[in-house]
Amino acid sequence: MEKRMLKDENDRVDGVFKVTGQAKYFAEYELPGLTYGVLVTSTITKGKITTLDTKAAEKAPGVISVLSHLNKPSAPGYEQDGGSPMKIFYTDKIFYNGQPIAMVVANTFERATYAASLVKATYAKEEFNTNFDKAVADSKSKKLQGQPDYKRGVENAYKTAEVKIEEKYHLPIETHNPMELHGIIADWRPNNQLTVYAKTQGVKATQGTIANVFKIPIENIQVNSEFVGGGFGMALRTWPVEIATVMASKHVAKPVKLVITRMQMFTMVGNRPAAIQTIGLGANKDGKLTGITHRAFGETSVYENFTEGVVNMAKFMYQCENVNTQYTVVPVDLGVPIWMRGPGEATGAFALESAIDEMAHALNMDPLEFRIKNDPERDQQRNLPFSDKNIKEAYRIGAQKIGWNERKNKPGSLIDGQLKTGYGVSIGVFNANRGRASVKGILKADGSLVLQSATSDIGPGTGTGMTLIASKLMKIPADKITFELGDSSLPPAPSQGGSATLSTVGSAVNDVCVALKSTIAELAANSNMDATANFVDVLKKNNLPSIEIIKQSQAGKEREAYSMYSFSIHFVKVNVHSLTGVVKVDKIVSVGDSGTIVSPKTARSQMVGGAVGGVGMALTEESIIDHRYGRYINNNFADYHVPVNADIPEIEVHFINKPDPYINPMGAKGMGEIALIGFSAAVANAVFNATGKRIRSLPITPDKILADS
Amino acid sequence: MINFQYLRTTTSKSALALLSKDKAAKFLAGGTNLIDLMKRGVTTPEKLIDINHVPLKQIELKGDTIIIGALASNTAVAEHALIKEKLPLLANALNAGASAQLRNVATVGGNMMQRTRCGYFYDTEMPCNKRQPGSGCGAIGGFNRMHAILGTSEKCIAVHPSDMCVALIALDATVVLANQKGERKILFKDFHRLAGDTPQLDNNLKTDEMIIRLEIPINNLAKNSHYLKVRDRASYAFALVSVAAALEISDHKITDVRLAMGGVAHKPWRLTASENFLKGKEASTANFEQAAKLAMTDAKGFGENDFKLQMAPNSIIESLTLAKSKA
Ligand SMILES: Cc1cc2nc3c(=O)[nH]c(=O)nc-3n(C[C@H](O)[C@H](O)[C@H](O)COP(=O)(O)OP(=O)(O)OC[C@H]3O[C@@H](n4cnc5c(N)ncnc54)[C@H](O)[C@@H]3O)c2cc1C
Ligand code: SF4
C-alpha cells in the first residue's frame, strides 16, 4: 500500500492513512469466524456474588459461551495464590461498581449484547466507600505511603518564614476518554499459539503479561497494534478485560473481539486519581523561597495499589534549602487508577504552581519575576548540574508572545463591561527519560530504508519522528523511509509512556543509521569506491540487494553526571464573565524547552494537544460519582466535558530547540507530558488575576466563579 | 437492547393508525434521543414507527403566522431565511443546542419530546420516579447540579433540557396535535407539564396523538432579542441556565417583552411576573435587576444547584441587556 503522499518532509507519515480511514485500528480486523464478547458488570460496589444465573443467556440465539467465575476459564497463572492484579473470573469478590462479572460470547455483537442483559446476579452486599475526600478525612481509613518521605534542610521551614502561605488543592477524578474505545481481539489457536490485535501503548508489555497469565512462551504470542486511537496512559497496561478476552478465545476456540462501551471506559480501564494536596511556601521579603512543603493524598483502589510522581516537582524546581514532601495513597472502592497524561506531575504541578502564584501575590511580585528569582542553577535534590535548561529564555519568549506587559499585578484590574481579563503563567517539568531499545535497519539497493522496532504510536507521530531522524543522518528523503512499529515480533522497545519514545527508540535509530553508514563506507573502500559514494551504487557494485543491521541502544554514565529534564512554560489569557461565571480562554502560548525538535509538526501537535487537555483539566473535566451508590453519574460524552473547538482559542507554540548536549545523540528530549503539566495552574492563575478569586478545586466551572462573589 | 419491530410510514394518517393499534409503539424521528434511551434500557418500545418520510417539514409564512412542520430538522429551521429574519430568537436558541450533526437529524417534534438528561433517569440501576414511579428520586440528596430550582416537586426535580422550547414558549407558539379523529390546538406553554405527583409525564400529548406542526405569530421583537445559554463548555453542553429575552422598545419604554428560562424547571419557564413588571417601563439596568429578582421569588436550591439561584437572575439581567443593546 502506498504509505504516504508527502508534500512536506515534516508531514505525518501516516497522516493520509488516518484522514482517509485506511489506518486500521484493533477493532477493525475481521478474522474468519470472529465472535463477539460483551461484558456483564456488577451493579453493587462491594461484596460477593452469591448467585449468577447464566442459563437464559446461554440459551439465547447465537450464544457460544458465558464465562464467569463459575466456569473459571483456564488461565494457569491465575491458579497460583497471591499477587495483587485482579484475577478476572477467578474471584466472586466485588471491588467496585461496574466490575466485569461475566462475558457473553456470541456470533454477533447484537446477540451478545442482548444475551448479556439476560445474565442475572445476586449479591451479598458490604459497606463501601467511594468518596476519596471522606477517606482522606477519616482518621480510621487505611493510608499507605506512596513514596518515601523527602526532606532537605529543615522540615516545614515555611511555617517560620517572613511571608508564608499554606493552602489546600483539590483534583477530581479525570477519565482518559480517548476517542477509541478500549478492547482487544484475541485469536487462540491449537498448540497454544495466540495472535492479538490490541489497543496498547506497549506490544511487548502486552505480550509479556499474557505470557505470564497463560503460562505460554512469549514466542507463541503475536501482538499487533499498528494504530492506536489515543491512549493518554490508559493503554499502558493489559487490563483484566483483555485477559478475559484471551480466556474466552481459548475457551471457545474461536477468535473473540471485545470492545467496551463508553460507560465502561469510566470504571474498568483506569482514571487520573483524585488528589488532595497541601502546599506550604515560605519566603523572605525579598522574594527568595525559604521553605517548600508538599503533602499529597492520592486515590488508589483496595485491590491493587497505584502511585505516581505527584510530589516530585517540589524537590528540584525552585531554589530552596528547605524542602519536604510526603505522598500518601488512600484506597477507595473504585477501579484502580492509571497514569493519565502528565501523570502525577500534572496533579502536583496544579498545586505547586498555583501556590507559587499565591506566594508571588502575597509578596506583591510579578509571578514571572518571582519564578526567575527562584530559578535553580543546579538540581538541589540530586546535587547535579542540569544537562540543559533554558527556562529564562522560554519565559522571555512566552511573555512577549502573550503580551505579559499588558498584565496588571493587581487582580481585577482589566475590566471591559462584564468581562474581566487576566493573565497566568505556570511551568511544567518532566524527567527526560531514555530507556533501552533495539531497532533493525534494512538498507536496500532500490534506495529505500526500512526501520523496525516493537514500539508504539498512540498518536504523537512516532513513525514520523523516527523517519526524520534517519532521513537527516542517511540523507535519504523521508518518503523513501518506512518505519514499522506496533508488532511484537520486531526488535524490542519499551512501552510508549513517560515521554521516552523519541529519546529511547530515536537513539537506536540513530545508532543503526550510523552503523549502516559505516558498513557502506567499508564496502565502498573494499570495492575501490569513493568514500562518499551513494549507498545504492555501493550495494549494486557489491551485488547486495540490501544490508541489515540490528542495534540496541541505551543511556550510559551521563545520566549519573547530569540531571535531565524537559521543561515547558504555559501562558494563558482568560476572560471571565462576572455575571455568568463563564471562563473563556482567550489565548494560549506554550513554550517547550526539550532539546532539539526532531519533528516540528508533530512536536507542535503534542503541545497543542497538551494545551487542549490542560484546558479540559482546568475548566471542564470531572468524573462524578454518587457515593451513596458508588456509581458514575456523567459517564458519557454528553456529560463528561472534554473541551470542544469552541472552547479553544489560538494556541501559539514555541520551542527553544537547542540540543541537550548529554541526553542522546539527537539532543532531543521528550515532550508529550510537559505539554500538559502545569497547564491547569496557568488557567487558575489567570482566573485569579482576572477576578481576584483563587479557585483551588478543579475544574473551574462557572458555579465556582460565582460562589464567592 | 431488546428486539423491536421497525415500521415506516409516509403519511400522518397511517402513522396515527399504526399508533392506535399499539399504544406501546413509538414514533421514530431523528432518533437522537429515542435510540439513546433504548440503548440504555430506559425505554423499551416493541414497535418503532419511522415518521421521517411523513411530509411535515414545511417552514412557511401564512398571513401573520409562521408554520413549522413537526418533522422539520433543527438545522432547517435555524437556517431558514424566514426564521432568521422574523424569529431570530428561535434560530439562536436552536443553534445553541446540541451539535451541528445532531441538529441536522433532530426534528422539531422530537426536540419538544426529548426527555430529561438527569443521570439517574438514564441509569436503570438507580432510583428515579420519572423512569419508575415510586422508586424515589436519586437527584434529591444526590448529584443535582443540573437540576431545577423552580416549580419543583418532592417527586422529581429534573429539568427539560431543550433550548428550542425556551424560545418557543417566549414566542407564544401554538402546537397542533392530531389523533385519528382529527386535530386539536394547544398553547405551547400548556404543552409541557410540571412534575407534581406524576413525574413520569413530561407533557400533555396523549398516547394516541402526534405532533403535527407549530404555529407562531409574527411579532415586533426580532430586533432586540437574545438567547443566552450558560454552560460548562462553549458548545455541545446542556444549559446550566438559559434565558430567552426579547424586547420591543419605543420612546425608551418597553412596549412588549418576552422572557423565558431553560435549565431551571421541569418545563420551559416563562417569566410572566417579570414581563408584567417590565411592560411600560424604561429598559434600564435597575429595572432589569428588579425583573430578575421577581423571577426568583419562589426559587429553591437542592444543594449542588444552589448556584443557579444567583446564576439565573444574573443571566436574566445579562440577556435583557444584550437584547436591548442590539442595534
Ligand atoms: C449529546 C447530545 C447533546 C444534546 N444537546 C442538546 C442541547 O444542548 N440542547 C437541546 O435543546 N437539545 C440537545 N440535545 C437533544 C436534541 O435536541 C434531541 O435529542 C432532539 O431534538 C430530538 O429530536 P429527534 O428528532 O432526534 O427525536 P427522537 O429521538 O426521534 O424522538 C424523541 C421522542 O419524540 C417522539 N416524537 C418525535 N417526533 C414526534 C412527533 N411528531 N409526534 C409525537 N412524538 C414524536 C419520539 O417518539 C420520541 O419519544 C442533545 C442530544 C444529544 C444526544
Ligand atoms: S430528578 Fe426526576 S428524573 Fe431525576 S432522579 Fe429525580 S425523579 Fe428521576
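The values are calculated or read from the model by the stated rules, or taken from the named source; none is laboratory data. This structure is a prediction, so every number in the text was calculated from the model and none was measured. When we count neighbours, we look across all protein chains shown, and the Cβ atoms used for this are built from the backbone with ideal geometry, even at glycine.
One line per residue, one yes/no per condition, for (1) in contact with an Asp or Glu (Cβ under 6 Å, 6 or more places away or on another chain); (2) within 14 Å of chain B (Cβ to nearest Cβ); (3) not small (Gly, Ala, Ser):
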site	(1), (2), (3)
A:ALA533	no, no, no
A:ILE549	no, no, yes
A:ILE569	no, no, yes
A:LYS573	yes, no, yes
A:VAL583	no, yes, yes
A:VAL589	yes, no, yes
A:ARG604	no, no, yes
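Those residues that are assigned to a helix (DSSP H, G or I), within 14 Å of chain A (Cβ to nearest Cβ) and either within 16 Å of ligand 2 (Cβ to nearest atom) or under 17 Å from B:LEU168 (Cα atoms) (or both), I need them from segment B:85-102; list them, please.
Across segment B:85-102, the qualifying residue is only B:ASN95.
Do we have B:SER162 as touching a residue at least 24 places away in the same chain (Cβ under 8 Å) and either hydroxyl-bearing (Ser, Thr, Tyr) or within 14 Å of chain A (Cβ to nearest Cβ) (or both) here? It would help to see each step written out before you state the result.
Values: touching a residue at least 24 places away in the same chain (Cβ under 8 Å): yes; either hydroxyl-bearing (Ser, Thr, Tyr) or within 14 Å of chain A (Cβ to nearest Cβ) (or both): yes.
So B:SER162 fits the description; yes.
Working only within segment A:643-666, note down all residues that are surrounded by fewer than 19 Cβ atoms within 10 Å (Cβ to Cβ) and either within 14 Å of chain B (Cβ to nearest Cβ) or hydroxyl-bearing (Ser, Thr, Tyr) (or both).
Answer for segment A:643-666, where residues must be surrounded by fewer than 19 Cβ atoms within 10 Å (Cβ to Cβ) and either within 14 Å of chain B (Cβ to nearest Cβ) or hydroxyl-bearing (Ser, Thr, Tyr) (or both): A:VAL644, A:ASN645, A:ALA646, A:ILE648, A:PRO649.
For a quick check of your reading: which strands (runs of 3 or more DSSP E) sit entirely within segment A:162-236 and have at least 1 residues that are assigned by TED's automatic domain parsing to the domain that holds A:MET86, touching a residue at least 24 places away in the same chain (Cβ under 8 Å) and under 30 Å from A:ASN636 (Cα atoms)? Reasoning before the result, please.
Numbers: elements: A:163-171, A:183-189, A:193-198, A:221-224.
Where strands (runs of 3 or more DSSP E) fall fully within segment A:162-236 and carry at least 1 residues being assigned by TED's automatic domain parsing to the domain that holds A:MET86, touching a residue at least 24 places away in the same chain (Cβ under 8 Å) and under 30 Å from A:ASN636 (Cα atoms), they are A:183-189, A:193-198, A:221-224.
Quick check on my filter: what residues within segment B:10-68 are within 14 Å of another protein chain (Cβ to nearest Cβ), more than 16 Å from ligand 2 (Cβ to nearest atom) and closer than 28 Å to B:LYS84 by Cβ?
First, the residues of segment B:10-68 that are within 14 Å of another protein chain (Cβ to nearest Cβ): B:32-33, B:35-42, B:44.
Filter again for more than 16 Å from ligand 2 (Cβ to nearest atom), leaving B:32, B:35, B:38-39, B:44.
Passing the criteria: only B:THR32.
Quick one: how many residues across segment B:173-203 are more than 13 Å from ligand 2 (Cβ to nearest atom) and outside any strand (DSSP E or B)? If you could, list the steps in order and put the result at the bottom.
If we filter segment B:173-203 for residues that are more than 13 Å from ligand 2 (Cβ to nearest atom), which is where we start, we get B:173-192, B:203.
From what's left, outside any strand (DSSP E or B): B:173, B:180-181, B:188-191.
Count: 7.
So A:MET263 ticks every box in (1) in contact (Cβ under 8 Å) with a residue 40 or more places away in the chain; (2) surrounded by 20 or more Cβ atoms within 10 Å (Cβ to Cβ) but one. Which box is left unticked?
Exception for A:MET263: condition (2).
Answer yes or no as to whether B:LYS155 is surrounded by fewer than 24 Cβ atoms within 10 Å (Cβ to Cβ) and either in a loop (DSSP other than H, G, I, E, B) or more than 13 Å from ligand 1 (Cβ to nearest atom) (or both). Explain how you work it out, then say what you get.
Values: surrounded by fewer than 24 Cβ atoms within 10 Å (Cβ to Cβ): yes; either in a loop (DSSP other than H, G, I, E, B) or more than 13 Å from ligand 1 (Cβ to nearest atom) (or both): yes.
Answer is yes for this residue.
What strands (runs of 3 or more DSSP E) completely inside segment A:22-85 contain at least 1 residues that are under 17 Å from A:GLU110 (Cα atoms)?
On the way: elements: A:35-41, A:47-53, A:63-68.
Per the criteria, A:35-41, A:63-68.
Please work out if A:TYR123 is outside any loop (DSSP other than H, G, I, E, B) and either without any contact (Cβ under 8 Å) to a residue 40 or more places away in the chain or within 14 Å of chain B (Cβ to nearest Cβ) (or both). If you could, list the steps in order and put the result at the bottom.
Values: outside any loop (DSSP other than H, G, I, E, B): yes; either without any contact (Cβ under 8 Å) to a residue 40 or more places away in the chain or within 14 Å of chain B (Cβ to nearest Cβ) (or both): yes.
Yes: the conditions hold for A:TYR123.
Name the single residue that is farthest from A:THR41 (Cα to Cα) among those in segment B:109-127 being more than 8 Å from ligand 1 (Cβ to nearest atom) and buried (at least 23 other Cβ atoms within 10 Å of the Cβ).
B:THR116
Being assigned to a helix (DSSP H, G or I) and within 14 Å of another protein chain (Cβ to nearest Cβ) is the filter here, so list the residues in segment B:104-134 that pass it. Break it down stepwise before answering.
Step one: of segment B:104-134, the residues assigned to a helix (DSSP H, G or I) are B:104-105, B:108-113, B:119-122.
If the condition is that a residue be assigned to a helix (DSSP H, G or I) and within 14 Å of another protein chain (Cβ to nearest Cβ), then B:GLY119, B:TYR120, B:PHE121, B:TYR122 are the ones that fit.
Considering each of B:SER319, B:SER325, B:SER315, B:SER284 in turn, give the residue that is within 14 Å of chain A (Cβ to nearest Cβ) and more than 23 Å from the chain's Cα centre (by Cα).
Working: B:SER319 fails: more than 23 Å from the chain's Cα centre (by Cα); B:SER315 fails: more than 23 Å from the chain's Cα centre (by Cα); B:SER284 fails: within 14 Å of chain A (Cβ to nearest Cβ).
When all the criteria are applied, what remains is B:SER325.
Of the residues in segment B:228-249, how many are buried (at least 24 other Cβ atoms within 10 Å of the Cβ), within 11 Å of ligand 1 (Cβ to nearest atom) and either polar (S, T, N, Q) or away from every other protein chain (no Cβ under 13 Å) (or both)?
1
Quick one: how many residues across segment B:132-152 are crowded, with 24+ Cβ neighbours inside 10 Å and of a type in the set (Lys, Arg)?
0
Within the group B:LEU19, B:LEU82, B:LEU61, which residue is closer than 29 Å to A:SER117 by Cα, of a type outside the set (Asp, Glu) and either modelled with pLDDT of 95 or more or more than 9 Å from ligand 1 (Cβ to nearest atom) (or both)?
On the way: B:LEU82 fails: closer than 29 Å to A:SER117 by Cα; B:LEU61 fails: closer than 29 Å to A:SER117 by Cα.
Answer to the selection: B:LEU19.
Looking at B:GLY31 and the list (1) within 12 Å of ligand 1 (Cβ to nearest atom); (2) over 18 Å from the mean Cα position of the chain (by Cα), which single condition is not satisfied?
Going through (1) within 12 Å of ligand 1 (Cβ to nearest atom); (2) over 18 Å from the mean Cα position of the chain (by Cα) one by one, B:GLY31 breaks only (2).
Can you name every residue in segment B:60-84 that is in contact with a strand residue (DSSP E or B) (Cβ under 8 Å, 6 or more places away or on another chain) and either within 20 Å of B:LYS21 (Cβ to Cβ) or crowded, with 19+ Cβ neighbours inside 10 Å (or both)?
Residues of segment B:60-84 in contact with a strand residue (DSSP E or B) (Cβ under 8 Å, 6 or more places away or on another chain): B:60-61, B:64-74, B:76-77, B:80, B:82-83.
Once the filter is applied, which keeps residues that are in contact with a strand residue (DSSP E or B) (Cβ under 8 Å, 6 or more places away or on another chain) and either within 20 Å of B:LYS21 (Cβ to Cβ) or crowded, with 19+ Cβ neighbours inside 10 Å (or both), segment B:60-84 yields B:ILE66, B:ILE68, B:GLY69, B:ALA70, B:LEU71, B:ALA72, B:SER73, B:ASN74, B:ALA76, B:VAL77, B:HIS80, B:ILE83.
Of (1) surrounded by 19 or more Cβ atoms within 10 Å (Cβ to Cβ); (2) not in a loop (DSSP other than H, G, I, E, B), B:LEU18 satisfies all except one. Which?
(1)
Of the numbered conditions (1) outside any strand (DSSP E or B); (2) within 14 Å of chain A (Cβ to nearest Cβ); (3) surrounded by fewer than 24 Cβ atoms within 10 Å (Cβ to Cβ); (4) within 22 Å of the chain's Cα centre (by Cα), B:ASP298 fails exactly one; give the number of that condition.
For B:ASP298, the exception is condition (2).
Before we move on, is B:PHE143 away from ligand 1 (no atom under 11 Å from the Cβ), within 14 Å of chain A (Cβ to nearest Cβ), assigned to a helix (DSSP H, G or I) and within 24 Å of A:GLY98 (Cα to Cα)?
Here the answer is no, as B:PHE143 does not meet what is asked.
Would segment A:567-577 turn up any residue that is within 18 Å of A:GLY498 (Cα to Cα) and not in a loop (DSSP other than H, G, I, E, B)? I'd like the intermediate steps shown before the answer.
Looking only at segment A:567-577, we keep the residues that are within 18 Å of A:GLY498 (Cα to Cα), and these are A:567-568.
From the residues that got through so far, the ones that are not in a loop (DSSP other than H, G, I, E, B) too are A:567-568.
Yes, because at least one residue in segment A:567-577 is within 18 Å of A:GLY498 (Cα to Cα) and not in a loop (DSSP other than H, G, I, E, B).
Answer yes or no as to whether A:SER605 is closer than 22 Å to A:SER387 by Cα, touching a residue at least 24 places away in the same chain (Cβ under 8 Å) and of a type in the set (S, T, N, Q).
Working: closer than 22 Å to A:SER387 by Cα: no; touching a residue at least 24 places away in the same chain (Cβ under 8 Å): yes; of a type in the set (S, T, N, Q): yes.
Answer is no for this residue.
Which of the residues spanning segment B:248-269 are without any contact (Cβ under 8 Å) to a residue 40 or more places away in the chain and either aliphatic (A, V, I, L, M) or more than 20 Å from B:ASN92 (Cα to Cα) (or both)? Quick ask: steps written out before the conclusion?
So the first thing to find is which residues in segment B:248-269 are without any contact (Cβ under 8 Å) to a residue 40 or more places away in the chain, and the list is B:248, B:250-257.
If the condition is that a residue be without any contact (Cβ under 8 Å) to a residue 40 or more places away in the chain and either aliphatic (A, V, I, L, M) or more than 20 Å from B:ASN92 (Cα to Cα) (or both), then B:SER250, B:ASP251, B:HIS252, B:LYS253, B:ILE254, B:THR255, B:VAL257 are the ones that fit.
Among the aromatic types (Phe, Trp, Tyr) and in contact with a Gly (Cβ under 8 Å, 6 or more places away or on another chain) - does that describe any residue in segment B:220-227? Before the answer, list the steps.
Taking segment B:220-227 as the starting set, the residues that turn out to be among the aromatic types (Phe, Trp, Tyr) are B:227.
Right, trim to in contact with a Gly (Cβ under 8 Å, 6 or more places away or on another chain) and you get none.
No, the conditions are met nowhere in segment B:220-227.
Going by the conditions given, is A:THR290 farther than 29 Å from A:SER623 by Cα and of a type in the set (Ser, Thr, Tyr)? Give the derivation first.
On the way: farther than 29 Å from A:SER623 by Cα: yes; of a type in the set (Ser, Thr, Tyr): yes.
Judged against the criteria, A:THR290 is a match.
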